[in-house]
Structure formats: structure tokens, C-alpha cells
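These notes concern the structure reproduced below.
The values are calculated or read from the model by the stated rules, or taken from the named source; none is laboratory data. Keep in mind it's a predicted model, so treat the numbers as computed, not measured. Every residue, glycine among them, receives a Cβ derived from its backbone with ideal geometry; neighbour counts consider all protein chains shown. These area figures cover heavy atoms from the full protein model, side chains too; ligands, DNA and RNA do not enter into them. Shrake-Rupley method; radii C 1.70, N 1.55, O 1.52, S 1.80 Å.
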Amino acid sequence: MAKESKKQVSAITDMEQDFAQWYTDVCTKAELIDYSRVKGMFILRPYGYALWENIQGELDRRFKETGHENVYLPLLIPESLLQKEKDHVEGFAPECAWVTVGGSEDLEERLCIRPTSETLFCDHYANVIKSWRDLPKLYNQWCSVLRWEKTSRPFLRHREFLWQEGHTMHETAQEAIEETLQMLEVYADFCENILAMPVVKGVKTDKEKFSGAENTYTIECMMHDRKALQSGTSHYFGDGFARAFDITFADKENKLSYPHQTSWGLSTRIIGGIIMTHGDNSGLVLPPRIAPTQVMVLPIAQHKEGVIEATGALAARLKAAGFRTKTDVSDQSPGWKFAEYEMKGVPLRVELGPKDIENNQCVIVRRDTGEKQFVSLDQVEAAVSAALDAVHAGLYQKAKRNLEEHTYAAKTLEEAKAIQAEHGGFIKTMWCGEEACEIRMKEEAGMTSRCIPMVQEQVGDCCAICGGKAKDMIYWGVAY
RNA sequence: CGGGGUGUGGCGAAGUUUGGUAUCGCGCUUGGUUCGGGUCCAAGAGGCCUGGGGUUCGAAUCCCCACACUCCGACCA
């Protein structure tokens, strides 16, 4: 009886049994998300939104440290504007949603709800960039965009999703390329040091790059089911958009020149990545540096004299020390509370009961390992700080091990196919650079190219697919 | 957009084959009890069974049509 009710309350499917169902369970049971009336549009509940706010805070600080300014551009793009750059419109047209009526009047020109804002930024830049003195322009926008996806999943594929999009303009190609790479580094650093997610940095093939870009750089992460998640991208555009939008400036020699452009983005999709990188069968596991609640202080035998007061005092101390701390003095049983905050991925639980109070101590429990530690109340701040760092390091190491243990080298298509079928993960091979080989890999092994990593290795002499002359070492994988 | 699955109080399900006016668990409310891993007991509130049409004396149940969610595939961040 008790066993049965336990199972019904927890109700998170084991990831080994059904990974997709596990994922959906975590999203809803941890109260990150709710479904709305419109397909593909999700409600970010307070806990999920708080996570995004913390992500925003960390990224925004990094953007500002690297000289960027926030702006806000309109939601709607006139069709004529969207069509100025050929590759771009071809890439996005299939998933655009349109506004055709205003009030009761049909509009003369239909308006696209932004799927991304390159065209809006370019239109604006054409107005404000006149001289080399106006460069660089280092803008970022926090907003939502809309793409009419056919299928959707919480965080991983929303029709409307929150993101940031950086759009910059530079005097020289060199400077723009440096910016592109710099922002890739910002994302990689953020993922590894804040989210505890190890990344593979690289450049996309022509087939996989952003519509209209010259180069797309990416950070690829490996999820627990060994599928790949593209977690952030940074694009170098050259002067293609500038020419299409007629953005010119007088350079230092008073010659009319086209500026060089970049854009880079990271979305709420990363939350899906956090869930699938760190989560376990008890639910969410949050990296401490962005967890909305880092420490949950729970009273044991709270009806006993002084326990609730002591719990409140301890929580206040931890809050004062700068830790995001909460308590739960509801009349649920301790066991219920343990399970609840595990499901919500709170990195540390601090238990405080009559015995602890008597001994001037508390119990610190790590979410990732379940490890318990008895700590004197005199040193609790230092212990919590160390434990949070330990959780971060533990999560990172575990994810890194998953990435490394499931990255394989292959010399032939057959070998790659066999490895993918048996183990999943990333498979590195040599590649000739031909799109035909990418298509063949997709058709035969179900894998797309993830990236050509910055750090190259010689894993063979010729292209694993066609046997032709190898150009680069490339990563393949099944992607979200 | 192709293929499968599902739709019954807030959640998870039984009931559908063989039509007879809805059952169970969780949650919720109130009171008591317990508290170091989802305590226990009692009393209560809440559903015209996704929507629309049809068959029938009678439909959650049979038929048709929509819609939604979900999984797999194609496409995409």
C-alpha cells in the first residue's frame, strides 16, 4: 500500500525505460513548464522562469563585460524586408507566421512575426552607420521569436521561445571573425563554468550552417541518452547582408565600404540541455550556479520546541551569506519534502532536527550523490559554499566522462554505423568536405555532422564515407 | 507533413470488446495524529466521460467528423 502510493506520487518514468517520457515527466513534475492552449507554445512556470532569469543574468553580465549593449527591436518584419537576403528568406520562410489583418482591415503588406532579427537589425544599421567612427556596433537583444515548428517539445522545440540574439557590425572582416569566436568562447565558458556542461567547439559544415551566414560556429553538448544538442551558435556573415541591405560607411580613407557582421544566440533550449545532461531518475538536478534555490533548509520533527525557529535562523544566516536559500515548514512529512526537492533538483538540502540543535550541527546532503555530511553550525557557511562547488565539479566531471566515454573514432562508414547503432554518442571521422558524403551518412547511419572541431586530430587518412582525400576531422551524431 | 498511441473530477487510471446513467488511487478541504526517506485515521468537496454530428427507448461504450496531447520519422535552435 505504502509502496504503491510512493510510486504514484513520484511518477517519474525511469530514463532507462523511456528517455523521452522521463524528460517530459521532469519538465512537468519539477514545475518548470505547463502546456498552453496553442500547440508548441509553453508556459514557463515560476521555477522554470527563475532558471531562465539566472541564465540571463550570467550571460548578460558577460555580454556587457565584452562591450555589448542591449536594445529592443520590433516583433514584426515587413515581408519586403525579410526578402532582401535570398539565402536567409529561403531558410526561414517555411516556418514563418504572418500577421495579415490589423483591426478589421487587411494589411497592404503582410508582416512576419520575427523568427530571428537579422533583417531588422540590418535595416536599422543602414540608418545609423555612416562612418568608421560609428563602428563597431555591439548590440544584443533579449526577446522571444516565433518559428512555426511542426512538432514541439518542452524547451527543446517551442514555436515561441525566449532567447538572446547578438548582432554586431565591424569595420573589418578580421574584427568580425574575432567577435564571432569571442562570443563562442563566452558561450563555452558559460556552459562549462556555470551550467557544468562540457562542450565541443567547432564550425558547422555548409549544409548545417545558418541561412545567410559565411560560417556558423557551435558548441555541441552530449545528453544523457548520448544524443547531441546544439547549445549555442555564433555566426560570421561577412558583408553579405550589408550588401543586400545597402549598409555602407566611409572608412578611414574616405572610401565607401561595407561593414562585416556577426550574430550569435542562445535560447531557453539550453534548459532542456541542463535537464538531459544532469537529471536522474529522481528528477531534475540543477547546476548550483544557476539553481533558483541553491539550499533548502528542512526542519525535522518541526513540532518539537525550537525547531522551526532554529530552521528560520539558519536559513536567514545562509541567505545573508549570499546563498539562494529557502525553507519549507509546511506540515508535509520530512520524507515527502526530501523527495519533493530532489525532484526539483535543489543542489543542497540542509536538515536540522532536535538532535542537531542539541549538538550545534546540521546535516548537508548533496543532490547529485546523496552524500551526507554532518557540519558544525559554526562553519556552516563555509561548508555550504564548499558543497555547492563540489556539486558543480561533480556534475561537470560526470558529464565530461559521459562525453569522453561516448566519443568514438571510425575509419569507415560501416564502422561509424555500427558504433552508432551499438553505443550512440559522437563519432569522429575524417571527411572530404563534400555534402554528398554528409547526405550519405544521414541516410545510412542516421547521423548529421555536428561540427568540425576546433581541436583537430588525425583519425585516418581518407574520408570515411567516400574514401577520397580527407580534408578535416568531423564529429557526427544523432541530434535533438 | 507521414506513421503509431492516447483523450473519463486537478493528476494517474478502471469501465468501451458484450450500450442501462461513472469507479478507484493520488491530490485538494477540515479535524486529529506522526515526523532523520513520499506517516496514519476520520469526515468532506469535485466529473453531463475532448468537441460536434449520427444510430438507439437509452451512448463514456457503437458509427462518422473535428481537435488536442504524445511517441517515432522528415525538417529545424
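Quick rundown of the values:
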item: Hits in region A:429-480 (condition: touching a residue at least 12 places away in the same chain (Cβ under 8 Å), under 28 Å from A:Ile274 (Cα atoms) and basic (Lys, Arg)); result: A:Arg450
item: Set A:Ala188, A:Ala213: member being free of Cβ contacts under 8 Å to residues at least 60 places away in the same chain, of a type in the set (A, V, I, L, M) and part of a helix (DSSP H, G or I); result: A:Ala188
item: Cβ-Cβ under 8 Å pairs, at least 6 apart or on other chains, region A:46-67 side over 26 Å from A:Lys137 (Cα atoms), far side open to solvent by 30 Å² or more (accessible area, probe 1.4 Å) and among the acidic types (Asp, Glu); result: A:Pro46/A:Glu31; A:Tyr47/A:Glu31; A:Gly48/A:Glu31
item: Residues that are more than 18 Å from A:Leu388 (Cα to Cα) and either open to solvent by 20 Å² or more (accessible area, probe 1.4 Å) or more than 16 Å from RNA strand B (Cβ to nearest atom) (or both), drawn from region A:288-319; result: A:Ile300, A:Ala301, A:Gln302, A:His303, A:Lys304, A:Glu305, A:Gly306, A:Ile308, A:Glu309, A:Ala310, A:Gly312, A:Ala313
item: Check on A:Leu156, over 13 Å from A:Ile247 (Cβ atoms), within 12 Å of RNA strand B (Cβ to nearest atom) and either open to solvent by 30 Å² or more (accessible area, probe 1.4 Å) or in contact (Cβ under 8 Å) with a residue 60 or more places away in the chain (or both); result: yes
item: Number of positions in region A:330-349 that are open to solvent by less than 70 Å² (accessible area, probe 1.4 Å) and farther than 18 Å from A:Leu284 by Cα; result: 3
item: Candidate set: region A:324-341, residues that are under 20 Å from A:Ala383 (Cα atoms) and either acidic (Asp, Glu) or touching a helix residue (DSSP H, G or I) at 6+ places or on another chain (Cβ under 6 Å) (or both); chosen: the one nearest to RNA strand B (Cβ to nearest atom); result: A:Thr327
item: Unmet criterion (only one of (1) of a type in the set (Lys, Arg); (2) touching a residue at least 40 places away in the same chain (Cβ under 8 Å); (3) more than 10 Å from RNA strand B (Cβ to nearest atom)) for A:Arg367; result: (3)
item: One residue from A:Thr293, A:Thr311 being assigned to a loop (DSSP other than H, G, I, E, B), polar (S, T, N, Q) and at pLDDT 95 or above; result: A:Thr293
item: All positions within region A:226-239 that are open to solvent by 30 Å² or more (accessible area, probe 1.4 Å) and not in a loop (DSSP other than H, G, I, E, B); result: A:Gln230
item: Options A:Lys207, A:Lys201: the member that is within 16 Å of RNA strand B (Cβ to nearest atom) and closer than 30 Å to A:Val26 by Cα; result: A:Lys201
item: Test result for A:Ile465, open to solvent by less than 20 Å² (accessible area, probe 1.4 Å), part of a loop (DSSP other than H, G, I, E, B) and either within 16 Å of RNA strand B (Cβ to nearest atom) or under 21 Å from A:Glu422 (Cβ atoms) (or both); result: yes
item: Complete set of residues in region A:110-128 that are touching a residue at least 24 places away in the same chain (Cβ under 8 Å) and part of a helix (DSSP H, G or I); result: A:Glu118, A:Thr119, A:Leu120, A:Phe121, A:Cys122, A:Asp123, A:His124, A:Tyr125, A:Ala126
item: Residue ID - most open to solvent (accessible area, probe 1.4 Å), chosen from residues in region A:77-105 that are in contact with a Lys or Arg (Cβ under 7 Å, 6 or more places away or on another chain) and hydrophobic (A, V, I, L, M, F, W, C); result: A:Trp98
item: Selection within region A:210-232 - β-branched (Val, Ile, Thr) and more than 10 Å from the chain's Cα centre (by Cα); result: A:Thr216, A:Thr218
item: Yes/no for A:Ala176 being under 15 Å from A:Ser263 (Cβ atoms) and either within 16 Å of RNA strand B (Cβ to nearest atom) or open to solvent by 30 Å² or more (accessible area, probe 1.4 Å) (or both); result: no
item: Sole exception among (1) out of contact with any helix residue (DSSP H, G or I) (no Cβ under 9 Å at 6 or more places or on another chain); (2) among the polar types (S, T, N, Q); (3) open to solvent by less than 40 Å² (accessible area, probe 1.4 Å) for A:Thr116, by number; result: (1)
item: Residue among A:Glu165, A:Glu149, A:Glu160 that is under 20 Å from the mean Cα position of the chain (by Cα) and under 15 Å from A:Thr262 (Cα atoms); result: A:Glu165
